[in-house]
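**Student:** There's a structure below that I have some questions on.
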Amino acid sequence: VKNPSTSFIGLLWQPADKIGVFSQDGTTGNYQFTNTATENVPQTEFGGNMSGDPYYAYYPYSTENDGANVTALKGTLPAEQAFDPESGTLVGDYKYGTRVADGSNKFTFTQLFTMLRITLDATETSLEGERLNQIKMTVTDSEGNVRPICGNFTFNAITGDWNAVSNTTSGSISMPWTTRPELTKGKTYLGFITVMPVVKTGDKLSIEVVTEGHKASFTADCKLDFKSGYVYNIPLKLKEFAANDK
């Protein structure tokens with residue numbers, strides 16, 4: 001996954017991961033293949049059975065795509081994306097892949113959407129020592145209109161083209177932290193949110209950090225257009241925004 005700040009961030013396949021696989025004609029597919037690895041790995045093998053040769057694939061597998069064409073698949077990018085820092089499991093991490101042209105059954109996968117890498121430091125603020133419940137984010141354009149950053153969508157697992165289902169979209173995403181870690185002085189906490197790449201330069205990113213006793217909120221201007229397949233860093237050093245604690 002590309003990252004404008006660190007040039008590259010690798011994401012690992014997990015043992016429970018499943019992909020949907022299609023044959024070359026794109027009309028025969030959604031065969032379920034399961035990761036054969038027993039630990040988190042950067043590359044892995046998926047096992048399963050299908051009619052014909054595997055040619056296209058997407059992640060995560062969904063029975064909602066039974067009978068669908070590979071160019072018209074369905075997915076949902078949730079408005080609530082719980083994050084478990086112990087397992088590192090990501091919500092909404094959609095990928096699509098095509099078999100490489102070397103005669104093998106190897107696939108290269110590409111991220112469908114944009115990922116936000118959030119680093120949180122509550123040192124010397126009212127939130128220090130409290131347990132982190134969740135982080136919320138809302139995106140609006142320069143005129144105050146909500147950007148549709150999550151919701152239902154359709155996508156093409158060959159080209160990566162996608163379209164939001166407009167009446168299901170939302171401009172807000174919450175990331176509950178399943179372990180509710182205690183925000184310790186001098187420690188940084190890392191989490192990830194996936195968004196549709198519709199955010200533009202000049203948009204407003206409104207972020208709220210919620211603990212058991214406080215909320216810290218602030219708004220920042222977006223400095224670039226979000227792109228598919230990229231990871232963007234959002235550093236939240238709350239001491240710099242302490243005046244917004246409540």
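The values are calculated or read from the model by the stated rules, or taken from the named source; none is laboratory data. Note that the coordinates shown come from a computational prediction; the quantities given were computed from them, not determined experimentally. Glycine also receives a Cβ, built like all others from the backbone with ideal geometry; neighbour counts cover every protein chain displayed. Heavy atoms of the whole protein, side chains included, go into the accessibility calculation; ligands, DNA and RNA do not. Shrake-Rupley method; radii C 1.70, N 1.55, O 1.52, S 1.80 Å.
**Student:** Kindly report, to the nearest 10 Å², the accessible surface of Glu212 as traced by a 1.4 Å probe over protein heavy atoms only.
**Tutor:** Glu212 has an accessible surface of roughly 110 Å² with all protein chains in place.
**Student:** Report Thr28's accessible area, 1.4 Å probe, all protein chains in place, as a number in Å² to the nearest 10.
**Tutor:** 50
**Student:** So, one more: What order, most packed first, do the peptides 61-70, 187-196, 216-225 have when packing is the mean number of other Cβ atoms within 10 Å of each residue?
**Tutor:** Put in order of decreasing packing, that is 187-196, 61-70, 216-225.
**Student:** Oh, and also: For the pair Thr28 and Thr44, how long in nm is the line joining their label points, each one 7 Å along Cα→Cβ?
**Tutor:** 2.7
**Student:** Okay, next question. How large, in percent, is the carbon and sulfur part of the accessible surface of the range 128-246 at a probe radius of 1.4 Å?
**Tutor:** On the range 128-246, the fraction of accessible area on carbon and sulfur atoms equals 46 percent.
**Student:** Can you tell me the FRET efficiency between Thr89 and Val165 if r is taken as the Cβ-Cβ distance and R0 is 22 Å, rounded to the nearest 0.05?
**Tutor:** 0.30
**Student:** Just checking my list [x] 27, 22, 17; [y] 32, 21, 15; [z] 35, 20, 15 against semi-axes √(5λ) of the Cα gyration tensor in Å computed from this structure; which label fits?
**Tutor:** [z]
**Student:** Can you tell me which of 166-173, 151-158 comes out highest on packing, and rank the rest after it, using the mean Cβ neighbours within 10 Å?
**Tutor:** Top of the packing list down: 151-158, 166-173.
**Student:** Looking only at the chain, where both bridge partners belong to it, what percent of the DSSP beta bridges are antiparallel (to the nearest 5)?
**Tutor:** Beta bridges within the chain, antiparallel portion: roughly 85 percent.
**Student:** Determine the distance separating the Cα centre of the range 24-103 from the Cα centre of the range 180-246; give it in Å without decimals.
**Tutor:** A separation of 29 Å, based on Cα centres.
**Student:** If amide H atoms are built 1.01 Å from N in the plane of the peptide, which residues on other chains or at least 5 residues away come under 5 Å of the amide H of Gln81?
**Tutor:** Ser174, Met175
**Student:** Okay, next question. State, as an integer percentage, the relative contact order of the chain based on alpha-carbon contacts under 8 Å between residues 6 or more apart.
**Tutor:** Here the relative contact order equals 22 percent.
**Student:** Same structure again: Leaving out ligands and nucleic acids, and using a 1.4 Å probe, what accessible area per residue does the range 88-246 come to in Å²?
**Tutor:** The answer is 46 Å² per residue.
**Student:** Would you mind getting me the FRET efficiency between Gln14 and Asp141? Use the beta-carbon distance for r and R0 = 35 Å, nearest 0.05.
**Tutor:** FRET efficiency, Gln14 to Asp141: 0.50.
**Student:** Within 12 Å, Cβ to Cβ, of Gly171, how many net charges do the neighbouring residues add up to if Lys/Arg are +1 and Asp/Glu are -1?
**Tutor:** Neighbour charge sum, excluding Gly171 itself: +1.
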